[in-house]
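Comments concern the structure below.
The values are calculated or read from the model by the stated rules, or taken from the named source; none is laboratory data. The shown structure was predicted, so the numbers you read here are calculated from the model rather than taken from an experiment. Virtual Cβ from ideal backbone geometry, glycine too; neighbours counted across all protein chains shown.
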Amino acid sequence: MTHVDVARLKDHVGKPVTVRGWLYNCRSKGKIHFLQVRDGSGMVQAVLVKGVLADADFERVGKLGQESSLEVDGTVREDVRSPSGVELDVTGVRPIQDVKDYPIALQEHGPDFLLQNRHLWLRSRKQHAVMRIRSRIETAIRGFFDDRGFTLVDAPIFTPSACEGTTTLFEVKYFDDDKAYLTQSGQLYMEAAAMALGKVYCFGPVFRAEKSKTRKHLTEFWMLEPEIAYGTLEDVMDISEALIVHIFSEVLRACRQDLATLERDVTKLEDVARGGFPRVTYAEAAKILVDMNSGFVPGNDFGAPDEQALATHFGRPVFIHRWPAEIKAFYMKRDPNDPSLALGVDMIAPEGYGEIIGGGQRAEDLDFLLEQIKLHQLPQEAFEWYLDLRRYGTVPHAGFGLGLERTVAWVTGREHIRECIPFPRMLYRIYP
Ligand code: 4AD
Ligand code: MG
C-alpha cells in the first residue's frame, strides 16, 4: 500500500493508503474505535470497526496510549465535516511502540511544565500551527528579497566586537588567550557586503545577554537584516512596509487552517495586509504620549507601556523615525536638518507586540564615525575593517533588522514569544 501524508489524503479518495504517525487520541464507542492519527502534516480520524481485525488486536489498539507510534492502513473516504475533509476506514493497524503515561495530557498544563517538556510540547496542535506559520514566514521573507534582486549573505556568529551596545554581549573564550563575542546583529557585515553586492540580506540567529524577563525578549533569536547601498531612511520604511504586507498576505493565503487552530482573529491580519502604515517622527510620538499624560519623559526611549499606548493610538503598525541621537546606536547617520537627531526608525506593531523592526540610514563619513566610536568607548582596532568601508568608496546606505519571533507572535496572536521559536533560550532557560 502507498504511504501518503495526511495533508495529501484528499487526493486519494476511494483508494487504499498507509498513514504513518502517532496516536493523538482514541475514543471508543461500543464496537468502534475512533483513532486521531497525526503525522506532522495533519490529523485524520481513522475509524476501526470491530471484526476488521482479530478480536485481540482490536482490544490492543483500543488500549494504545497517547503518542503511541503506529502505521494505519485504510481506505480514504470523503467527509465534509472533518477539518482534513476525509476520514480513513481502517483495514489494518501496526503499532510500533505502545506508549504509557505520555507526560503532556490533552488538558491544560502550566507554562513552566510545558517549557521543560518543549521537546514533546512541539507535538501539540497549536504548537504545530505556530511552527508551520513560522516556516511560512521565513519562506515569504526569503522570497520577498530574492525576487527583488537581493543576495543572501550569511553573517558570522563569532565576532570581535559589539554592534548594539556592550551591555548585552555574550563573551566566549576563543582558544588560548583570545575572546570573541556571539553576534548581536549581522548589520556591520551586511554593510561590507552591500558595498560589494549592492542589495544584500542575512537571516540567522543573533544573541543578546538581556537580563529582561519579558514576553518579548529571548537571549537567542532570529533576525532578518537587509542592507542597501545608496539606500535612504525613506527606502527603509518603504521596503519594511512592503515586506510586512507580503508576510501577512502570504500567511493569510497559505495558513488559514493553522490560523483557525490558533483562533487568531484574521480581520486583524487582513487590516495589516492592506498596508498604509502611518509614519511619525519621534517628536510627534512623544507629543502624543505627553498629551495623554502618560508620564512619558521626552528624550527617553519608549518603554513597553509607551509602545502599547502608541499602538493603541494608531491601531495599526506605525513607523517612528528621527530619534534623539543619544539613545541610538553609534553607526546612525545624523539628520542634516537637525544633527541632534539620528536617521533611525522603529516599527511598532499594534495589539501590544511592540517593536518589530529597527533600522535606518548609516553614517557614511569616516571622521564622524571615528568620533562616535570614541564617544561610545568602543575599541577602534576591532572596527578598522568597518572604517575601511568609509575609506574606500563610501556611499549613503541604509538597512534594518526584523525580529522573527516577535513577527511570529504578532501573526499567530501568541501572548509570549517563547512559543514562537522551536527551542527558546531565555534568562533562566537553556533546557531542553
Ligand atoms: O533594534 P535592534 O537591536 O536592531 C539591530 O540590531 C540593528 N543592528 C538591525 C539592523 O539595522 N540591521 O533589533 C532589531 C529587531 C527588533 O526590532 C526586535 O524585533 C528584535 O530585533 N529583537 C529581539 N527579539 C527577541 N528578543 C530580543 N532580546 C530582541 N532584541 C531585539
Ligand atoms: Mg531597536
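Between a residue in segment 150-170 that is farther than 15 Å from E220 by Cα and aromatic (F, W, Y) and any residue that is in a strand (DSSP E or B) and away from ligand 2 (no atom under 16 Å from the Cβ), which pairs come within a Cβ distance under 8 Å, given they are 6 or more apart or on different chains?
The qualifying pairs are F150/K199; F150/V200; F150/Y201.
Output the residues belonging to segment 243-273 that are hydrophobic (A, V, I, L, M, F, W, C) and either more than 16 Å from the chain's Cα centre (by Cα) or farther than 17 Å from I357 by Cα (or both).
If the condition is that a residue be hydrophobic (A, V, I, L, M, F, W, C) and either more than 16 Å from the chain's Cα centre (by Cα) or farther than 17 Å from I357 by Cα (or both), then V251, L252, A254, C255, L259, A260, L262, V266, L269, V272, A273 are the ones that fit.
Identify, from the list L218, L224, the residue that is in a loop (DSSP other than H, G, I, E, B) and among the hydrophobic types (A, V, I, L, M, F, W, C). Don't jump to the end; show me each part of the working.
Working: L224 fails: in a loop (DSSP other than H, G, I, E, B).
Within the list L218, L224, the selection yields L218.
Residues being among the charged types (D, E, K, R), surrounded by 18 or more Cβ atoms within 10 Å (Cβ to Cβ) and either part of a loop (DSSP other than H, G, I, E, B) or in contact with an Asp or Glu (Cβ under 9 Å, 6 or more places away or on another chain) (or both): count how many of those fall in segment 255-290. Before you say what the answer is, go through the steps one by one.
Residues of segment 255-290 that are among the charged types (D, E, K, R), as a first pass: 256, 258, 263-265, 268, 270-271, 274, 279, 284, 287.
After this cut, where a residue has to be surrounded by 18 or more Cβ atoms within 10 Å (Cβ to Cβ) as well, the list is 258, 264.
Next cut, either part of a loop (DSSP other than H, G, I, E, B) or in contact with an Asp or Glu (Cβ under 9 Å, 6 or more places away or on another chain) (or both) only: 264.
Total satisfying the criteria: 1.
Checking the condition closer than 19 Å to I356 by Cβ, assigned to a helix (DSSP H, G or I), within 11 Å of ligand 1 (Cβ to nearest atom) and in contact (Cβ under 8 Å) with a residue 60 or more places away in the chain, which residue from S212, S240 passes?
S240
E326: at negative phi and buried (at least 21 other Cβ atoms within 10 Å of the Cβ), yes or no?
Answer is no for this residue.
Say whether the condition of being within 16 Å of ligand 2 (Cβ to nearest atom) and closer than 24 Å to T168 by Cβ is met by at least one residue in segment 361-370. Step through it out loud before you land on a result.
Filtering segment 361-370 down to residues within 16 Å of ligand 2 (Cβ to nearest atom) leaves 361-362.
Filter again for closer than 24 Å to T168 by Cβ, leaving 361-362.
Yes, segment 361-370 contains at least one residue that is within 16 Å of ligand 2 (Cβ to nearest atom) and closer than 24 Å to T168 by Cβ.
So for segment 281-300 (the condition being more than 26 Å from K268 (Cβ to Cβ), more than 16 Å from ligand 2 (Cβ to nearest atom), under 29 Å from the mean Cα position of the chain (by Cα) and β-branched (V, I, T)), does at least one residue qualify?
Taking every residue of segment 281-300 in turn, at least one turns out to be more than 26 Å from K268 (Cβ to Cβ), more than 16 Å from ligand 2 (Cβ to nearest atom), under 29 Å from the mean Cα position of the chain (by Cα) and β-branched (V, I, T).
When only residues in segment 330-357 that are among the small types (G, A, S) and crowded, with 21+ Cβ neighbours inside 10 Å count, which is nearest to D235 (Cα to Cα)?
G344
Give me the pairs, please: first residue somewhere in segment 50-72 and at pLDDT 95 or above, second residue anywhere and of a type in the set (K, R), beta-carbon distance under 7 Å, and either six or more positions apart or on two chains.
Going by the 7 Å Cβ cut-off, the qualifying pairs are K50/K31; F58/K50; G65/K100; E67/R123; L70/R94; E71/R20; E71/R94.
So which of E415, E405 is within 24 Å of F248 (Cα to Cα), surrounded by fewer than 17 Cβ atoms within 10 Å (Cβ to Cβ) and modelled with pLDDT of 95 or more? Outline the logic, then answer.
Numbers: E405 fails: surrounded by fewer than 17 Cβ atoms within 10 Å (Cβ to Cβ).
Just one listed residue meets the conditions, E415.
Given V19, V49, which one is over 20 Å from H128 (Cα atoms) and of a type in the set (A, V, I, L, M)?
On the way: V19 fails: over 20 Å from H128 (Cα atoms).
Result: V49 is the single residue among V19, V49 that is over 20 Å from H128 (Cα atoms) and of a type in the set (A, V, I, L, M).
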